[in-house]
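The structure appears right after this line, and notes come after that.
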Amino acid sequence: MTSALPPTGSVATDFSATADDGSPVSLRELLANGAVALFFYPGDDTPGCNRQLCAVRDDLAEFRSAGIQPFGVNPAGIASHAKYSAKFGFEFPLLVDTDSSIAASYGAVKEDGKKIQRTVIGIGRDGTIRFATRGAPPPREVIAALEE
């Protein structure tokens, strides 16, 4: 059994992480620049994850024009994320969640508390959860939920 998703309308849990380029990020700071879409995915350079994150890459212009900042999130380190991002030309950050604490706070972990359950969380600029679902919904579904 996986942990529960946060309810729509609830306040998003703040977090700090390191991006694949080594820069620090925090949710509070990110929200000053627009809505945030977190794509929790199990592993770098695996078939399902490649499809999911390449779909985000392919619709990146739509995310940006809607004022949404997409981020991939999983426990892999900076080197793995940087290699993965370069291989597929991701122009959005991949965040390091070493201990899966970010994933856990958003209900994106499996029973063991470590493995990632593919999950997408959309956070409005006001810091509330506007979209929360398992799996890999089409990017346009995420965008529609977060457009202001």
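Annotations
- Scalar couplings 3J(HN,Hα) for region 91-106, obtained by applying the Karplus form with A = 6.51, B = -1.76, C = 1.60 to θ = phi - 60°, are 10, 9, x, 10, 9, 8, 10, 3, 9, 6, 6, 5, 4, 4, 5, 10 Hz; x denotes Gly and Pro.
- The calculated 222 nm mean residue ellipticity attributable to helices in the chain amounts to -8500 deg cm²/dmol, summing -39500 (n - 2.57) over DSSP H runs of n ≥ 4 and dividing by all residues.
- The string of couplings for region 68-74 from the Karplus curve (6.51, -1.76, 1.60, θ = phi - 60°) is 10, 9, x, 9, x, 9, 6 Hz, one whole number per residue in order, with x for Gly and Pro.
- Gained length - residue 128 relative to residue 91, 0.36 nm times residue gap less alpha-carbon distance: 10.8 nm
- Heavy-atom accessible surface of the chain, averaged per residue, reaches 46 Å², computed with a 1.4 Å probe.
- Dipole of the chain [Lys/Arg +1, Asp/Glu -1 at C-beta], most positive-end residue of 34, 24, 7: 7
- Those aspartates and glutamates that a straight Cα-Cα span of less than 14 Å connects to residue 115, excepting residues fewer than 8 apart in one chain: 44, 97, 99
- Calculated FRET value between residue 99 and residue 14, using beta carbons and R₀ = 22 Å, to 0.05: 0.85
- Local electrostatic count, residue 113, Cβ distance below 15 Å [Lys/Arg +1, Asp/Glu -1]: -1
- Taking only protein heavy atoms and a 1.4 Å probe, the accessible area of the chain is 54% carbon and sulfur.
- Under 5 Å, built H, 5+ apart or other chain: amide partners of residue 109: 3, 117
- Within-13-Å neighbourhood charge of residue 27 [Cβ basis; K, R +1; D, E -1]: -2
- Database remark: amide H of residue 95 closer than 5 angstrom to the amide H of 72, 73, 74 (H placed geometrically; neighbours at sequence offset of 5 or more, or on other chains; Pro and chain starts carry no H).
- Rounded to whole Hz, the Karplus (6.51, -1.76, 1.60) HN-Hα couplings of region 18-28, x for glycine and proline: 10, 7, 4, 8, x, 7, x, 9, 9, 4, 3
- Net charge over other residues, Cβ less than 13 angstrom from the Cβ of residue 52 (K, R count +1; D, E count -1): -1
- Under a 5 Å amide H cut-off, with hydrogens placed 1.01 Å from N, residue 125 pairs with 35 among residues at least 5 apart or on other chains.
The values are calculated or read from the model by the stated rules, or taken from the named source; none is laboratory data. These numbers come from a predicted model, not from an experiment. Positions of Cβ are generated from backbone atoms using ideal geometry, with glycine treated the same way; all protein chains shown enter the neighbour counts. Protein only, heavy atoms only, side chains kept; ligands, DNA and RNA dropped before computing areas. Shrake-Rupley method; radii C 1.70, N 1.55, O 1.52, S 1.80 Å.
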